[in-house]
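Q: One structure, pasted below without further comment.
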Amino acid sequence: MKLLESKINTTLLLVISTITIGTLGYILLSGFSFVDALYMTVITVTTVGFGEVQPFTPEEKIFTIFLILSSITVFGYAISSFSEYLVSGRLFEHFKHRKVEKQISRLKGHTIVCGYGRNGKQAILKLKNYNKDFVVVEYDKEMSELLDSEELLNINGDATLDETLLRAGIMNAAYLITALPSDANNLFVVLTASQLNRNCKIISRASNETSYSKLKIAGADNVIMPDKLGGDHMASLVTTPDVIEFVDRLTIEGETTANLEEIYVDDLPKKYIGKTILDLDLRRQTGCTVIGFRNPDRDYIINPEASTVLVRKAHLIVLGRPEQIIKLRELF
């Protein structure tokens, strides 16, 4: 990409320089006006064969020879560079990346997923099931090409660098998930993202317990330790197997098997703001049940009372069968 832009810029600079030198040369040597000098330069470098504005002196002829030879060299270089990129496919790749970056620039409130490993793939699957906009940042070129084949928006680059996150739209992102295999790299991503966009909620993966506090200090809102969660889950299958199996069935595997949904109170019709859960009457309208309430202070209430007031910046956690959840999404 950078090499391509470098060669294009070099070619443009050489062409502009040739035309500028030719125009100035004819003005100084022949006393031509700017238009006549530019005309002579253009017909000379393009070798179209039109006549001179006036007969040339020996000095002007030598300058014209120099200009013709220079222009042949410059245009030969331009054709060679263009042919190289056309044959290698890098020109197509350049325009493809430009198209992707334009799509990303139009996103608002999207999620950036850093790393297309096991955890990154699971995160992407969940986001796809919820129809959430996301951009993947992947360092490995082959993985990036795989994402292209699956028509997933992605940036091939180092997620620890400012410019890569900027290309991924960090300034307009609502969430960032960093699932890189190295805790050190995740720490760099968290530091970079928190500095670029303080309003972006950052969720980081961690392998070692010692990294937990460092990631939180760096700016991560949540730190997930997959190995620890996996061990706890396996032990729970021994101690409370039926409870865990029931909870697993609530895990969203796809659009048709969703059992849990989150409702942001601010997204409800204005008539419900300041009313109670009872006034919302979700059970009658959709068949769903409110099983959780998160107030603006981020305190969670399990199985809230029907008299709980719906205030702004609060969230409702709703339980229902897949068809009930679909109906709930249609209403709200």
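Values in this text are rule-based calculations from the coordinates and carry no lab data. Predicted model, so just to flag it, every value in this text is computed and none were measured. We place every Cβ from the backbone using ideal geometry, glycine too, and count neighbours over all the protein chains shown.
Q: Would you mind telling me which residue in Phe188, Phe66, Phe75 has the biggest mean-square fluctuation in a Gaussian network model of the chain, where springs connect alpha carbons within a distance under 10 angstrom?
A: Phe66
Q: Next question, about the same structure. Find how much the distance from Asp242 to Asp267 grows on full extension, using 0.36 nm per residue of separation minus their present alpha carbon separation; answer in nm with one decimal.
A: 5.5 nm
Q: For the pair Arg284 and Val311, what calculated FRET efficiency results from E = 1/(1 + (r/R0)^6), where r is the Cβ-Cβ distance and R0 = 25 Å, to the nearest 0.05?
A: 0.65
Q: With a point put 7 Å past each Cα toward its Cβ, work out how far Leu12 is from Phe66 in nm, to one decimal.
A: Going by the 7 Å Cα→Cβ label model, 2.8 nm.
Q: Distance cut-off 26 Å, Cα to Cα: go down the list Lys128/Lys275; Lys141/Lys216; Lys201/Lys313; Lys126/Lys271; Lys214/Lys313 and report the pairs above it.
A: Lys128/Lys275; Lys141/Lys216; Lys126/Lys271; Lys214/Lys313
Q: Build a GNM of the chain with springs between Cα atoms under 10 Å: which of Leu196, Leu12, Leu180 gets the top mean-square fluctuation?
A: The residue that fluctuates most here is Leu12.
Q: If contacts are Cα pairs under 8 angstrom and at least 6 residues apart, what is the relative contact order of the chain in percent?
A: Reported relative contact order: 10 percent.
Q: Now, a different point. Glu59 versus Gln122, label points 7 Å from Cα toward the beta carbon: distance in nm?
A: Between Glu59 and Gln122, the simple spin-label model gives 8.0 nm.
Q: Related question: Along the charge dipole of the chain, Cβ charges K/R +1 and D/E -1, which of Leu319, Asn131, Ser81 sits furthest on the positive end?
A: Value computed over the given set: Leu319.
Q: Whats the longest run of the chain with zero trypsin sites (Lys or Arg not before Pro) that are DSSP loop and have at most 11 other Cβ atoms within 10 Å?
A: By the stated rule (loop sites, at most 11 other Cβ atoms within 10 Å), 1-105.
Q: Then there is this: Rounded to the nearest 5, what % of the DSSP beta bridges within the chain are antiparallel ones?
A: Within the chain, antiparallel bridges account for around 45 percent of the total.
Q: Kindly point out which whole DSSP H helices in the chain project their C-alpha atoms 18 angstrom or further along the helix axis while averaging a Kyte-Doolittle hydropathy of 0.5 or above.
A: 2-30, 58-88, 183-196
Q: If exposed GluC sites (Glu not before Pro) are those in a DSSP loop with at most 12 other Cβ within 10 Å, what is the longest stretch of the chain that has none?
A: With a cap of 12 other Cβ atoms within 10 Å, the longest stretch comes to 1-149.
Q: A follow-up question, please. Taking springs between alpha-carbon atoms closer than 10 angstrom, which of Ile302, Ile224, Ile202 fluctuates most in the Gaussian network model of the chain?
A: Taking springs between Cα atoms under 10 Å, the residue moving most is Ile302.
Q: Here's something else I'd like to know. With each run of n ≥ 4 DSSP H residues scored as -39500 (n - 2.57), what mean residue ellipticity at 222 nm is computed for the chain after dividing by its residue count and rounding to the nearest 500 deg cm²/dmol?
A: -17500 deg cm²/dmol
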